[in-house]
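Notes for the one structure printed next.
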Amino acid sequence: MMMLVQENVTIINAKGAFCPGPLVELMKKAKTANGGDVLELWTNEEGSLKDVPEWAKKFNHDYIGQEKEDGYYRIQVRINK
């Protein structure tokens, strides 16, 4: 797994939202993002660990990876347009 990107990342804080809320928030931001943008979803919803990579693959975005933090996950995707 790649290291998460540290610079020029757009954070989507969906902590506390229940499935599919975090993915919906990510999808909304992806619509307005530019190609090459890195979006980082913060979520404590474990379903996102499976949903985000599947969504990225389906829409030809690059799943960068995920890291567990204290009480939540950071999941990164690079947007392709």
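Give the relative contact order (percent, whole number) for the chain; include only Cα pairs under 8 Å separated by 6+ residues. The partial results should precede the final answer.
Working: 149 pairs, mean separation 29.2, N = 81.
RCO, the chain: 36 percent.
Using only alpha carbon positions, build the gyration tensor of the chain, then give the equivalent ellipsoid semi-axes as the square roots of 5 times its eigenvalues, largest first, whole angstrom.
For the chain, the semi-axes come out at 17, 14, 12 Å.
Throughout, read-outs are computed from the coordinates displayed, never taken from laboratory work. What you see is a predicted model; the values in this text were computed from it and never measured.
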